[in-house]
Amino acid sequence: MHSGGVTKTDTAQSAPNDTIKFTPLFGSGEVKLQTTTKAVTPFAGMASFFAWLGALEFPKRAAEVMPFEYRSPNAIAPEQTLLAFISAVVVGASRFAHAGWLRHDKAFHALLGVERFPGEDAIRRFFHRFTQARIEAFWRPLWKWMLELMEVPRAGFSLDLDSTVFSREGNQQGAARGYNPRRAGRKSHHPILAVLAEMPFVLHTWLRPGNTGAGRDVVEFLKEALKILPVGLKIRCVRADSGFFDQKLLGFLEERGLSYIVVARLAGPLKGVLAGIRQWTVVEGGYEVSELRIKLASWNMERRFVVLRERIREGKEAVGRKLLDVPGYTYRVWVTSRTESAVEIWRDYNGRATVEQRIEEMKNDLHADGFCTKAFFATEAAFLGVVLSYNLLSLYQAQVTRQSGYRKPSTMRAAVFVGGAILGRKGRDVVVRLSESWGGLKKHIPLIQQALKTGNPIAPLLARPPTPEEKCSELACGGCSI
């Protein structure tokens, strides 16, 4: 047999027990491939996540607010279908069809505690049962329940507003041509999100048609978001980019007594005012700051503006907009109700950059834009299912793997959830034997023990920069870091 070739060894056994031998790419020895009747899973690390959900009685919570039930005695319970979808999302599915990864994984079913795992059609039918009224009846109470698990920072949470684009192929309801920076001219959906920066946690979201402007109906959106907040959860500041620069929003925030920092849209009149500023305060790094109070033509009052300008330098990309009347600088401008110094306002707003990271994590790691159906509200329900998965992962990390700091979902998948195991029995007990080469039971015992500790509010978990060792471990699936 030559390198890379294969041979088949005939036996008296049935075909599934035949042996295939081949020479690996490196080395001179042979490797034999055979079928095993034992159930094997690559996702044994999900045990602590399931233990945590069980300790919180999440299946019971979901069943209590489920707006429909199945009449067939053979149907899989709706809350089990939801958990199946969340499981598929967490382990890396990017389409409904990928639920098939888990449908035949009997060892994974044992960890989840189900006899049958729904296929992609059953999961689609589950989301197709959602109307707008059922979305309000089901998802909003779940959000309130999750928020009640959280410990509120002394200063309160920062609430960051943003929108994103989900490119679409086909004629799905709500898919329309609008702003699409990556695929200009293609149809899309245009979700809006409100994110609590310190946890991180998506407080509220809407799926919207692709031709909807970023700030359209943002006041109604915020009204819904604030209704979800439990008593005692304080919002310290609302932050948003120029897509939300609107008198109606600012007035609403002032009426509610909510502090805000919003990027100003540099339209004609405002550009002229900026060009006339003469007093600047120099700060570190080649920046200068100033401030002024302006009442724009469409406004009912004057408001405070904070201005930052940066000198354009060779070899350094300057962020901001240029003014023809003041060459050599770029400008960034915020309108704010806050009273701190201009430098503090600038630094505070820089913290909003995390909302863009969170959206990218949901799109790249959990494929929030991948679960799409023809029906608009079914697509929105599936999107909410992904966002629910993201929030649960954030809360899980804050309680169970807190010592490692916040890690994005794909890192959690590689470092914790991926791990080989074999399903077996010991007497009457079902046993899942975790592979020692993936860390074994020793790796997961402290996680499961921590997952079972409930009762205390879950404190916010701030992100920290990864160490060089952790960057390497992300590439080494099954590494034993937790």
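Candidate cross-link partners of residue 223 among the lysines, defined by an alpha-carbon separation under 20 Å and a same-chain spacing of 8 or more, comprise 144, 234, 248.
Give the longest segment of the chain that steers clear of GluC sites (Glu not before Pro) in DSSP loops with at most 16 neighbouring Cβ atoms within 10 Å, not counting the sites themselves. The longest such stretch corresponds to 341-482. Sparse packing (at most 15 other Cβ atoms within 10 Å of the Cβ) combined with a DSSP loop state is found for the following chymotrypsin sites (Phe, Trp or Tyr not before Pro) in segment 170-214: 179. Solvent-accessible area of segment 168-217 (1.4 angstrom probe, protein heavy atoms only): carbon and sulfur portion equals 44 percent. Shown for segment 8-165: the carbon plus sulfur share of the solvent-accessible area, taken with all protein chains present and a 1.4 angstrom probe, equals 49%. Compute the distance in nm between two label points, each set 7 Å from the Cα along the Cα-to-Cβ direction, one at residue 294 and one at residue 437. In this crude label model, residue 294 to residue 437 measures out at 6.4 nm.
Mind giving me the nanometre distance, one decimal, between the label points for residue 422 and residue 37, set 7 Å out from Cα along Cα→Cβ? Label-label distance for residue 422 and residue 37, simple model: 1.4 nm.
For segment 132-275, a Kirkwood radius taken over Cα pairs fed into Stokes-Einstein (10 °C, viscosity 1.306 mPa s) yields D = 95 µm²/s. Rounded to the nearest 0.05, the FRET efficiency derived from the C-beta distance between residue 341 and residue 61 at R0 = 51 Å is 0.70.
When the surface is traced with a 1.4 Å probe over the full set of protein chains, residue 121 keeps roughly 90 Å² accessible. With protein chains left intact and a 1.4 Å probe, residues in segment 250-309 average 50 Å² of accessible area per residue. Counting only heavy atoms of the protein chains and using a 1.4 Å probe, residue 418 has close to 20 Å² of accessible surface.
Protein-only accessible surface at a 1.4 angstrom probe places the residues 307, 65 in the order 65, 307, largest first. Extension gain for the segment residue 28 to residue 148, taken as residue separation times 0.36 nm less the Cα-Cα distance, is 37.2 nm to one decimal. Ranking 237, 372 by solvent-accessible area of protein heavy atoms (1.4 Å probe, all protein chains present), from largest to smallest, gives 372, 237. With protein chains left intact and a 1.4 Å probe, residues in segment 103-164 average 46 Å² of accessible area per residue.
In this structure segment 13-66 gives 58 Å² per residue of accessible area when probed at 1.4 Å with all protein chains present. Averaging over all projection directions, the Cα-based convex hull of the chain occupies 30.3 nm² in the image plane.
Report, to the nearest 10°, how far helix 247-256 tilts away from the longest principal axis of the Cα atoms in the chain, using its own Cα long axis and a range of 0 to 90°. Between the helix axis and the principal axis of the chain, the angle is about 80 degrees. Extension gain for residue 134-residue 77 works out to 18.8 nm (0.36 nm per residue, less the C-alpha to C-alpha distance). Taking each of 106/363; 106/442; 38/443 in turn, the alpha-carbon distance tops 26 angstrom for 106/363.
With θ taken as phi - 60° and the Karplus curve 6.51 cos²θ - 1.76 cosθ + 1.60 applied, the whole-hertz 3J(HN,Hα) list for segment 391-397 is 5, 5, 4, 5, 5, 4, 4 Hz, x standing for glycine and proline.
The values are calculated or read from the model by the stated rules, or taken from the named source; none is laboratory data. Everything numeric in this text was worked out from a predicted model, so none of it was measured. Neighbour counts run over all protein chains shown; Cβ positions are idealised from the backbone, glycine included. What goes into the accessible areas is simple: the full protein's heavy atoms, side chains included, and nothing from ligands, DNA or RNA. Shrake-Rupley method; radii C 1.70, N 1.55, O 1.52, S 1.80 Å.
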